[in-house]
1. With an 8 Å Cα cut-off and a minimum separation of 6 or more residues, compute the relative contact order for the range 53-204 in percent.
2. Check which residues have an amide H placed less than 5 Å from Ile38's amide H, if you skip close sequence neighbours.
3. Could you check the spin-label model distance between Ser275 and Lys65? Points 7 Å from the Cα along Cα→Cβ, value in nm.
4. Are there trypsin sites (Lys or Arg not before Pro) in the range 4-49 that DSSP puts in a loop and that have at most 12 other Cβ atoms within 10 Å, and which ones?
5. Want the number for Ala101 to Gln191: 0.36 nm per residue separation, take away the alpha-carbon distance, what's left?
6. Please give the contour-minus-distance gain from Leu131 to Ala110: 0.36 nm per residue of separation, less the Cα-Cα distance, rounded to one decimal in nm.
7. Which residue, Ile97, Leu62, Phe121, has the largest displacement toward the positive end of the dipole of the range 48-280 when charges sit on each Cβ (Lys, Arg +1; Asp, Glu -1)?
8. So, R0 is 22 Å and r is the distance between the beta-carbons of Lys202 and Val77; what FRET efficiency does that work out to, to 0.05?
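Taken together, the values in this text are just the output of simple stated rules run on the coordinates, not laboratory data. If you're wondering where the values come from, they're calculated on a predicted model, not measured in any experiment. Here the Cβ positions follow ideal geometry from the backbone for every residue, glycine too, while neighbour counts run over all protein chains shown.
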Amino acid sequence: MERSNKNMRGFLWILPSFLGVMVFYLLPYADVVRRSFIGAVDNRFVGLENYKTVLGNTAFLLAVKNTLLFTMLCIPVLIIIALLCAVALYKSKYGGIIKSAFLMPMALPAVSVALVWRILFHSQGLLNHWLGNLGIAGNDWMNTGSAFGILFISYIWKNLGYDIVLWMAGLAGISTSIYEAARVDGAGEVQCFFYITLPNLKSSLYTITVLSFLNSFKVFREAYLVAGDYPHESIYMMQHLFNNWFRAFSFDKMAAAAVLESIVLLALILLLQKSLKERKT
């Protein structure tokens, strides 16, 4: 009887969160799945026609290619740089102050960041002005292939502090006695890093990778505010596509693309989780 009362209290405790997820996530997603099988105008069942249209759409294929390329390049670079910075800061007596400095970009509004990028990288911006003073020809940075590099740097700059904090939390969970025992046995800093630090950070790696992956989709805000609805093709992301389809009332294509994207995201997260579990065993 006492056990059943505890179970009931536990259920009542999580019930508000469950209802919130149900109302604000699961039910809307179910409606998106339903809309992916009907026409946007007449609400007539069209089967897989919306999916065929999306998979044959050149804008969709371009957005998928750019989004995958951006994710595959940015996330490993961000995770590695953040890990190295976290290890260095964790051992430094000024680590807390420097960590706070790294977190400053996250406190800046996206509009302010976009304004700074526009001032710097516009064809008549400060960067071209400085280059002109040095006798170097400028560039229309946001309307050439350089736009991808600028977005890449923006993502790293914006999210580096967040990942550093997560890595430092993982480092704090490693007992110092393990390092002391290893040093007694003659292990150096490099050996401690590869044989103690990295193995004990595997659980943190999964969390940081997933969060970095999700944060990579937020870079659309800066890209949209700087380059508008139709930026250079190198930074035309899935978010641009969804935004343009929404404005064109192409809800059938939006729904089909959203379902495809959610399936891919879920598959990637499950594969990552499985690979990390296999490495632990």
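1. Answer for the range 53-204 is 28 percent.
2. Answer set, sorted by chain and number: Val46.
3. 2.4
4. Qualifying residues, ordered by number: Arg44.
5. Computed gain between Ala101 and Gln191 is 29.4 nm.
6. My answer for the length gained is 4.9 nm.
7. Selected residue: Ile97.
8. Once rounded, the FRET efficiency stands at 0.65.
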